[in-house]
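Notes for the one structure printed next.
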2 protein chains.
Amino acid sequence: MEASMTKTAKYQQIVDWIQERLDSGELRSGDRLEPEKEIGARFGISRQTVRHALSLLAQEGVLETVHGSGSYVKDNKEQYQQKAVLSSTVTIISSYVDGYIFPRILRSMVETLERLGYGARIMFTGNQVETERRLLKRLIEEESRDPMIVEPVMSGLPNPNLKYYRELQQRGIPILFFHSFYPELNLPHVSMDDVEAGRIATEYLISQGHTRIAGVFKADDGQGKYRYKGYICALYRAEIAICEERICWIDTVEQKLLTREYERLLKRLRGCTACLCYNDEVAHSLTEICIKQGIRIPEDLSIISIDNSELAKLNPVPLTSMVHPMEVMGVRTAENLVHLIKDPEFNATYEFVPEIKIRSSVMPVTPETEDEAASAHLRKQI
Amino acid sequence: MEASMTKTAKYQQIVDWIQERLDSGELRSGDRLEPEKEIGARFGISRQTVRHALSLLAQEGVLETVHGSGSYVKDNKEQYQQKAVLSSTVTIISSYVDGYIFPRILRSMVETLERLGYGARIMFTGNQVETERRLLKRLIEEESRDPMIVEPVMSGLPNPNLKYYRELQQRGIPILFFHSFYPELNLPHVSMDDVEAGRIATEYLISQGHTRIAGVFKADDGQGKYRYKGYICALYRAEIAICEERICWIDTVEQKLLTREYERLLKRLRGCTACLCYNDEVAHSLTEICIKQGIRIPEDLSIISIDNSELAKLNPVPLTSMVHPMEVMGVRTAENLVHLIKDPEFNATYEFVPEIKIRSSVMPVTPETEDEAASAHLRKQI
DNA sequence: CAGTATTTGTTCGTATGTATA
DNA sequence: ATATACATACGAACAAATACT
């Protein structure tokens, strides 16, 4: 009778009833359930049936029965803690394996993590949001418990993968960005102070007498914008008018084509005596272009760049460049992540203020020589 | 009474009884157990108690009860398969992030894996067995299901971590070595045919008239021994006596100190007109030493090396070098691993036969000029 | 295909043992 | 030490799924 009326098994009803009380908040961590006998009496069912229901819930880990004492709601914290145990392997997401400054940052990062008792796994995005998305999705699907160190992809453009970072953040995964950051996310980062880098580099050019200063910046990552901001700021402070014709924006694809398609760039340099380059790679390309065009560095054009990578030394004209912390940044990032793992309240953000490394790509100008250099440059171009 | 006699609960006895029959092989995958009633009758206990025992075993996943049919031993294959599901992320273990040819191999490897639908995580050993051990232990502890691509550490020396590879192999993890391999393990590898590389390089020197050929090899990795083997083989075939004084063995630590402590190396080169170098790094160091000592390359000494890395081009005297497949090797390694994942019987071993890239570090000698060059070299040295 | 036997699933009642408060 | 509450155990009945004839 009853069975045909209710359809669902009695023990299942008890399971549902308790589950509901847990969901509604009536039953909370550590609460003791009514004795089996009492539940049986209340629903008019046998104690055996109640026991069956409780045993199912105990299997799931929701309840815990203590012999001679009672059945208790398992501590939520315990349940969470079980899930929330972080892996001792850190997942690092970076843009490139090869090239430029990343290998040096990564090596010191990995070494530091291992010194602190953590393993490291590195994944690469190739600086493509699509690849970034795949990697993040995989980590979420795998329910990874790895703390993460991430280099943002195209941090200058709106990023479509922020929801994945938010998901990971909600799951309690510590995430620390390095080299750059996504301003939309409230997550810590360790990076160079790119505004300062741009500002100090520009101020150095100004201190050498330059006033007609061009700038080449990368549009699709965060650093480009901040370095540009520093450049603007320095000009403003020195009361030099900002001339938009002298500012050239390039993107990652263009950067690779720079030595072939340089007309656009050279146009922006007309009449300038100095140029701030986004990084050493851009400065290196610019040097090659100038050499081909018969523009002398630094006599006709002073070049200053940022990052002080190997390229800065190996450049045909050794580059004056802002020193990127690299190894130090790797160490700091690793240390701060470990600190963050142990104390989720720790503010892990740190920005390095860069120093300048002076080589021979910048030459002072005086008001007398300034016009000459600028016009020499102009002559060569046409 | 009974309880006090037996001590162990009756339901536990049934659990043990069934477990034993499983272990002994009496019960195998898919077998049907006796009906609950029969078991109860045999042990003189109630069906309820038998049910309790069976429910515990079902919880563990050992049994499966089918309503109206019976209790069955769960298919071992199913259990295995559940565990044997491989991750779609491949763990790559390599020696270094930065430097030499590895970034180029890794990049193409990662790209290929992603093209084939697999993610990649890279871990680095720094070519230290201790770090290798830590990484492997961690993977085993985490019960990782990642297929693996591994660059052996110090493959020339007996490796203390083989047991970990065997453990992973037994767990059904596909493992593919690249760049080198551990001869003690019966696991596949994708690498350059180092014997052929040594042989072809030496034969090229012989074809250029050289007979007094020195060799510098690395003692602590596999390639060193195989390249040495190729060198010996070529001399033997050309019926040139092998002169042990002309063979110099170095290790990883020494390699870094080479430019400072070069006396030992130069001793071995006395009276030689050519030298086969273990790799471009060694050849580069040798070039620098020779330049400092006033020994001309290739007039006084021809140098041939192996790997054809960037260094071969950038060397003060561009190096004739055996072409390492690099990108092609990365692609092939990734493809073969994926093949191996899908078909565990697939023989994933592949060895690339290298070609020679001729630059300007080797010069032909004739019987007349041979003595002159050798003695010129000797003169410079003293 | 139908009907019957077998086997597991659910539920009840009852009793005793044992840990906890 | 006693009462309470869970653990184990037995017997019995009916329901529901499956197997067999």
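The values are calculated or read from the model by the stated rules, or taken from the named source; none is laboratory data. Since the model is a prediction, treat every value here as computed from it, not as a measurement. Quick reminder, even Gly has a Cβ in these numbers, built from the backbone with ideal geometry, and neighbours come from all protein chains shown. Areas reflect the complete protein model, heavy atoms only, side chains present, ligands, DNA and RNA absent. Shrake-Rupley method; radii C 1.70, N 1.55, O 1.52, S 1.80 Å.
Go through A:Val50, A:Val62 for me and flag whichever is modelled with pLDDT of 80 or more, near DNA strand C (Cβ under 8 Å from one of its atoms), of a type in the set (A, V, I, L, M) and in contact with a helix residue (DSSP H, G or I) (Cβ under 8 Å, 6 or more places away or on another chain). Selected residue: A:Val50, the only one of A:Val50, A:Val62 that is modelled with pLDDT of 80 or more, near DNA strand C (Cβ under 8 Å from one of its atoms), of a type in the set (A, V, I, L, M) and in contact with a helix residue (DSSP H, G or I) (Cβ under 8 Å, 6 or more places away or on another chain).
Could you tell me whether region B:43-65 includes any residue that is more than 14 Å from chain A (Cβ to nearest Cβ), among the hydroxyl-bearing types (Ser, Thr, Tyr) and outside any helix (DSSP H, G or I)? Yes, the conditions are met somewhere in region B:43-65.
Restricting the search to helices (runs of 4 or more DSSP H) fully inside region B:273-374 and requiring at least 2 residues that are of a type in the set (Val, Ile, Thr) and within 23 Å of B:Glu263 (Cα to Cα) gives B:280-293. Looking only at region A:3-20, residues that are more than 10 Å from DNA strand C (Cβ to nearest atom) and at pLDDT 85 or above come to 5 in all. When you check A:Arg115 against the structure, is it over 20 Å from A:Leu340 (Cβ atoms), within 13 Å of chain B (Cβ to nearest Cβ) and open to solvent by 40 Å² or more (accessible area, probe 1.4 Å), yes or no? Spelling it out, it is not the case that A:Arg115 is over 20 Å from A:Leu340 (Cβ atoms), within 13 Å of chain B (Cβ to nearest Cβ) and open to solvent by 40 Å² or more (accessible area, probe 1.4 Å). Residue check: B:Arg104 meets all listed conditions (1) away from DNA strand D (no atom under 16 Å from the Cβ); (2) free of Cβ contacts under 8 Å to residues at least 60 places away in the same chain; (3) of a type in the set (D, E, K, R) but one, namely (2). Screening B:Lys256 against (1) surrounded by fewer than 23 Cβ atoms within 10 Å (Cβ to Cβ); (2) farther than 19 Å from B:Phe102 by Cα; (3) in the same structural domain as B:Glu368 (by TED's automatic domain parsing) leaves a single unmet condition, (2). If you go through region B:318-353 and keep only what is buried (at least 19 other Cβ atoms within 10 Å of the Cβ), of a type in the set (A, V, I, L, M) and under 20 Å from B:Val216 (Cβ atoms), you end up with B:Leu319, B:Met322.
Is it the case that B:Arg104 is under 30 Å from B:Tyr165 (Cβ atoms) and touching a helix residue (DSSP H, G or I) at 6+ places or on another chain (Cβ under 9 Å)? Answer is yes for this residue. Restricting attention to region B:259-278 and to residues that are open to solvent by 10 Å² or more (accessible area, probe 1.4 Å) and within 32 Å of the chain's Cα centre (by Cα), the residue that is nearest to B:Leu205 (Cα to Cα) turns out to be B:Tyr278.
Here's the yes/no breakdown for (1) within 25 Å of A:Pro325 (Cα to Cα); (2) open to solvent by less than 10 Å² (accessible area, probe 1.4 Å):
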position: A:Asn159; (1), (2): no, no
position: A:Gly172; (1), (2): no, no
position: A:His179; (1), (2): yes, no
position: A:Met192; (1), (2): yes, yes
position: A:Ile206; (1), (2): yes, no
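When region A:118-148 is limited to residues that are within 18 Å of B:Val110 (Cβ to Cβ), in contact with a helix residue (DSSP H, G or I) (Cβ under 8 Å, 6 or more places away or on another chain) and among the β-branched types (Val, Ile, Thr), the one that is nearest to the other protein chains (Cβ to nearest Cβ) turns out to be A:Ile122.
When region A:86-108 is filtered for residues that are more than 9 Å from chain B (Cβ to nearest Cβ) and under 19 Å from A:Asp280 (Cα atoms), the ones remaining, listed by number, are A:Ser95, A:Tyr100, A:Ile101, A:Ile105. Scanning region A:282-295 for residues that are open to solvent by 10 Å² or more (accessible area, probe 1.4 Å) and touching a residue at least 60 places away in the same chain (Cβ under 8 Å) yields A:Gln293, A:Gly294. Return a yes/no flag: does region A:25-42 have any residue that is within 8 Å of DNA strand D (Cβ to nearest atom), in contact with a strand residue (DSSP E or B) (Cβ under 8 Å, 6 or more places away or on another chain), in contact (Cβ under 8 Å) with a residue 40 or more places away in the chain and assigned to a loop (DSSP other than H, G, I, E, B). For region A:25-42, residues within 8 Å of DNA strand D (Cβ to nearest atom), in contact with a strand residue (DSSP E or B) (Cβ under 8 Å, 6 or more places away or on another chain), in contact (Cβ under 8 Å) with a residue 40 or more places away in the chain and assigned to a loop (DSSP other than H, G, I, E, B): present.
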